[in-house]
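Structure record follows, encoded as structure tokens.
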Amino acid sequence: MHHILSNISVLTAAPVLNFGLLIDGVLIGSIFALAAYGLALVWGVMNVKNLAQGDFIMLGGYITWTLGRYGLSPLLGVPVAFGFLWCFGWVIYRLVIRKVITRDLFTSLLATFGVAIVIQQSLNLAFGPDTQSAHSGLPDWQFAGGLVMVSATRLLGFVLAILLALAVILFMKNSRTGQAIRATAQDARAARVLGIDTEKVYAFTFCLNAAICGAAGALVALVWNVQPFFGTTYSIRLFVIVTAAGIGNLPAVIAAGFGMGVFEQFGGFLLGAEFQQALIVLLLLGVLAYRQLQYMRIRQAVQ
Amino acid sequence: MNFASRQALPYWLILVAGTIAPFVFHQYSNEIAVLWLMIVFASTWDILGGQMGYNSLGNIVFFGAGMYICAVVQIGLFYDVGMYTAGSRTTHIVFTNAQYFSGFALGLVAAGIGAAILAIAAGWIVFGLRGPYFAIGTLGLAVASAELTASWDWVGAASGISMPVFPYAPETQKLFFYFLLFALGFSLLLFLRWLYSTSFGLALNAIRDDEEKAEAMGLHTRRYKRTAWAISAFFLGIAGAVFGNMTGFIEPRDIAFPTTTFNLFMVVMVLLGGKGTLWGPVIGAVIFHTFKEVTWTYFLGWQFVALGLLIVVTIVYFQQGVAGWLIEKYPAWFAPRDALKRPEATPALAPQPEGAE
């Protein structure tokens, strides 16, 4: 308790530190927003809650890290992870997701949880349990006498995340495939009647989501670090974001992603890094409890 | 139940087999004791998951809570818990026989009741959630309890607690804990058999089949859900208390609240054996545990990859489980007994027309 109060007094004594935390939160939040967008996409279109989302991110991160280890620029990791995860997503779709789309929701949840365990344990066997980070070799800029530090890598990650998110949003709005995806999300049966191959739409959506996660993972490896078992925390974060925002509401998903980033930076600073995971999980419970209160007023269950 | 009837035969067989097993398979008595623990896991998970249709991913909370409550009672009766956990690295603290057994007995009771109270309290938070939200919310509870316990210094934080040492020889210890777990598992089976035959059991099934309709018929569904969870928490809490003393050392992440091992085993065993039946979870636990014990060492580090694959394959390709498959394949075997409960095949199993959602 004492520890927390002294941290608060540090923040009030040096307000410029707040600014630093805010910037870091926004930069990292952009990556959360990107991956949460993918989760909301799959959730909304095919009604599958993908618990392996965080592990897709880790997979993308390890691809980037491996590229860096072989002397290639880790920045190359973004497109490579995007492409690799696209194919990986297709394999997972053919083997698992296709068979559980029409079943009840717990089935898909548990099946993707199984996929998550396979991915994290395989990563653990392949790369070991240490945290790894890819170095882009870009400089850090310091402001306000060293109190505020903005790393060029984080800024680059931010810009890439925003560009990617914009590209996906424009694609969904304007392209023919994007229209088909949105039609399927609205009413799969009507879409089939109108000649849309929903099977193809599902496959495409899942691959797109996996690829987005891969790119997000590449950015995570660049600006932060990756570890085989961090995936679960990412999955929980993304669920918090999407649950708090509501699946149909994409601007809210992106805003909640930024909010999550800022919340985590401040929470981690105030409570200490060892509480980070507990903080995210408690936020999940808080959001679920809040949703429940909201639904109680209209006498419905959160489902 | 009529103890002389043919229906009672399986229970007599289990009672006899369970009693002689640790003497016949002497060197495997620990593994068989864990098998009973697995049966408790699967059967308590099935109360919610199978009978009531609420798939929890957080039942491990009560196992760990029982473990810690029992430890705190056992130590707290005679010493200061904070000092004990802080000093256990350097000093060896001895409990007398009377201290050990009185503390343990009291701890078992406290663990069961404490876990049940915890379930009722947690039920206020999670039972307004349905389907996947319930699963994710309970998973959150499990992860949160592991993380919070791991940062709570009074109970030893992440480095855990060394439990009081059993005062007799290791051989006696093995048998003592075996028979505790056996008694727990066996009484749970008898209790569930009775429970599922009462109107309470029917109410659980009604909630599973259509919760809105059940509520409209006047069932106070939330009360039933909380009670059902408290029942499974009671048995899980006692199981945790016994298991904590059996291993002699408890810590939050891998022993008390292992989200990806015991917590998932529960679900996998029930799905493997067959949801919503009395014997399905037992069959699943036996198959899973035997398979795991026999093959685990041959996987050379790939065990958990294999576990993930097993989950995926079970859930995607073999969801009705062994018991469900048997009922589908040989309905005649189950007809006389089930005829009273289920007059006809459940409509859910009827073939869907082509193109239906």
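For segment B:321-329, backbone phi angles converted through the Karplus equation (6.51, -1.76, 1.60; θ = phi - 60°) give residue-by-residue couplings of x, 5, 5, x, 5, 5, 4, 5, 7 Hz, Gly and Pro being listed as x. Dividing the Cα radius of gyration of segment B:138-226 by 2.2 N^0.38 Å, with N the residue count, gives 1.71. Hull volume per residue, based on the alpha-carbon atoms of the protein assembly as shown and their convex hull, is 182 Å³. Mind running the shape call on chain B? Use the C-alpha gyration tensor, a ≥ b ≥ c as the square roots of the eigenvalues: rounded below 1.5 for a/c, prolate if a/b tops b/c, oblate otherwise. Prolate, because a/c is 1.5 or more and a/b exceeds b/c.
A straight Cα-to-Cα reach below 13 Å connects A:K49 with the aspartates and glutamates A:D104, residues fewer than 8 places away in its own chain not being considered. Normalising by residue count, segment B:1-130 has a Cα convex hull of 191 Å³ per residue. Normalised by 2.2 N^0.38 Å, where N counts its residues, the alpha-carbon radius of gyration of segment B:130-284 equals 1.23. Across the options A:F263, B:T138, A:S9, the greatest Cα extent toward the positive end of the charge dipole of the protein assembly as shown (unit charges at beta carbon of Lys, Arg, Asp, Glu) belongs to B:T138.
With helices as the sole contributors, chain B gives -22500 deg cm²/dmol at 222 nm; each DSSP H run of n ≥ 4 counts as -39500 (n - 2.57), and the sum is divided by every residue. For segment A:145-221, the Kirkwood estimate of the hydrodynamic radius, built from every pair of different alpha carbons, is 14.5 Å. The distance linking segment B:275-292 with segment B:91-162 is 25 Å (Cα centroid to Cα centroid, whole angstrom). Calculate, for B:K213 and B:W333, the FRET efficiency according to 1/(1 + (r/R0)^6) with r their C-beta to C-beta distance and R0 30 Å; round to the nearest 0.05. So the FRET efficiency works out to roughly 0.45. For segment A:231-277 and segment B:164-219, what is the centre-to-centre distance using only Cα atoms, to the nearest Å? Cα centres, segment A:231-277 to segment B:164-219: 38 Å. Put a dot 7 Å past the Cα of B:F318, heading toward its Cβ, do the same for B:R223, and the two dots end up 4.2 nm apart.
Which FRET efficiency value, to the nearest 0.05, do you get for B:I120 and B:V24 by plugging their Cβ-Cβ distance into 1/(1 + (r/R0)^6) with R0 = 60 Å? The value I calculate is 0.90. Within straight-line reach of B:K213, meaning a Cα separation under 21 Å, sit the following lysines at least 8 residues removed in sequence or on another chain: B:K225, B:K341. Per the Debye formula on identical point scatterers at the alpha carbon atoms of chain A, with no solvent, log10 I(q)/I(0) at q = 0.07 Å⁻¹ is -0.28. Over segment A:1-135, the reciprocal of the mean inverse Cα-Cα separation, the Kirkwood hydrodynamic radius, stands at 17.6 Å.
Throughout, read-outs are computed from the coordinates displayed, never taken from laboratory work. Small disclaimer: the values here were computed from a predicted structure and weren't measured. Note that each Cβ is placed from the backbone with ideal geometry, even for glycine, and that neighbours are counted across all protein chains shown.
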